[in-house]
1. Test of the criteria: in the range 33-119, which GluC sites (Glu not before Pro) are in a DSSP loop and have at most 12 other Cβ atoms within 10 angstrom of their Cβ?
2. Please list, in order along the range 63-77, the HN-Hα scalar couplings obtained from phi with the Karplus expression 6.51 cos²θ - 1.76 cosθ + 1.60 (θ = phi - 60°), rounded to whole Hz, x for Gly and Pro.
3. In whole Hz, with x marking every Gly and Pro, tabulate ³J(HN,Hα) for the range 44-58 from phi via Karplus 6.51 cos²θ - 1.76 cosθ + 1.60, θ = phi - 60°.
4. Please express the Cα-Cα pair-distance distribution P(r) of the range 75-149 as a list of whole percents, one per 5 Å bin, running from 0 to the bin with the greatest distance.
5. How much length would be gained if the chain were fully extended between A96 and L72, taking 0.36 nm per residue of separation minus their Cα-Cα distance, in nm to one decimal?
6. Find, among the GluC sites (Glu not before Pro) in the range 119-150, those assigned to loop by DSSP (not H, G, I, E, B) with at most 11 other beta-carbon atoms within 10 angstrom.
7. Which residues' amide hydrogens lie under 5 Å from the amide hydrogen of G124, considering only partners 5 or more residues apart or on another chain, with H built in the peptide plane?
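Throughout, read-outs are computed from the coordinates displayed, never taken from laboratory work. All values derive from a computational prediction rather than experimental measurement. FYI the Cβ positions are ideal-geometry reconstructions off the backbone, even for glycines, and counts take in every protein chain you see.
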Amino acid sequence: MNDPDNDDSRVTSRRPVLAQDQTESPLRTAPYRRKRSSARSGKLIPLLFVVVFGVIIAHNEIPAFADWWERLLTPQDWEAKQQCQQAALSAAVNPAFARIIKPGEVHRTSEGAYVDKLVLGEMGAEGAEQAVEYSCYLDSAGKLVQLNQL
């Protein structure tokens with residue numbers, strides 16, 4: 001009869017620990033919320049690393065991706081490269097068998113652009129491919145001013 005577990009008098013004598021306007025203890029919910037948000041960001045960080053490294057690898061290994069990336073981010077530099085590449089391909093000894101090995105680097109000048117380190121693979125006299133480096137100057141309108149074979 002005197003079972004302490006079934007004593008209803010203990011339940012009625014308890015007073016609430018929280019004030020009337022509080023529904024939950026802030027000490028209980030704050031760490032739970034922090035742990036939950038850090039768990040979400042913890043799952044996103046590896047995904048972001050994979051995406052960043054994937055873009056870097058694709059930019060370095062896939063010429064079409066690097067071309068698209070440059071066309072998207074710096075369209076003026078991309079256009080300058082295209083003009084210089086077309087001029088170098090048409091100036092090759094045998095343009096039908098020339099190919100672009102390195103697309104070149106664009107440098108801005110006061111009146112336009114300078115493209116250097118453009119390397120073409122051209123068919124040599126004996127039929128073997130030889131690498132030929134070009135550079136060129138373009139005016140501010142993007143027209144070719146001078147093409148140099150190095």
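1. Here the GluC sites (Glu not before Pro) that fit, given the DSSP loop and packing criteria, are E111.
2. Result, ordered by residue: x, 5, 5, 4, 5, 5, 4, 5, 5, 6, 8, 10, x, 5, 5 Hz.
3. 7, 4, x, 5, 5, 4, 4, 5, 5, 5, x, 5, 5, 5, 5
4. 3, 19, 30, 21, 13, 8, 4, 1, 0
5. 5.7 nm
6. Answer in residue order: E126.
7. E129, Q130
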